Structures are given as structure tokens and as C-alpha cells.
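The values are calculated or read from the model by the stated rules, or taken from the named source; none is laboratory data. All figures in this text were calculated on a predicted structure; none of them were measured in a lab. Note: ideal-geometry Cβ built from the backbone for every residue, glycine included; neighbour counts use all protein chains shown.
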Amino acid sequence: MDNEKEKKLSSDFLAILVDALKLMQSHAPKLDKVLSAIQVARYLQIENKIRTIIKYELTSEVPLVPGN
């Protein structure tokens, strides 16, 4: 893999993380309107756990970028 492809992969990866965070941040005020603070915190914790499990499962299928 050449340097440009590696840079693009890194950039895309970071963009995905930023987008996921922005999505969670945009949902929080909406949740605050209909749920208690404890329920919102619990929702965010569960959401985080689910995302962590998904990431864990995906990492077993995605190979590491080869190094020098």
C-alpha cells in the first residue's frame, strides 16, 4: 500500500469517528426532552457498549495495514 492510500485510510477513519460523535451529540438534546438525565446517561452507555461490540467484531475481519 502506498503512502497516499494510507493517508486516505487514516483520514477516512478519523472522519468516521468524528461523524459518529457528532451524531451522538445531536441526539443528546433530543433525548433530554423526553427522558430523564439518568435515562439519557444509560442510553448513551448502552449505545457505547453496542458500538464497542460491533467494533470488536469488525476488527477480527479487517487486517492491519502492513508496516515496514
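For region 27-62, residues that are outside any loop (DSSP other than H, G, I, E, B) and either under 16 Å from Ile16 (Cα atoms) or of a type outside the set (A, V, I, L, M, F, W, C) (or both) total 20.
Among the numbered conditions (1) at pLDDT below 95; (2) surrounded by 10 or more Cβ atoms within 10 Å (Cβ to Cβ); (3) part of a helix (DSSP H, G or I), the only one that Val65 does not meet is (3).
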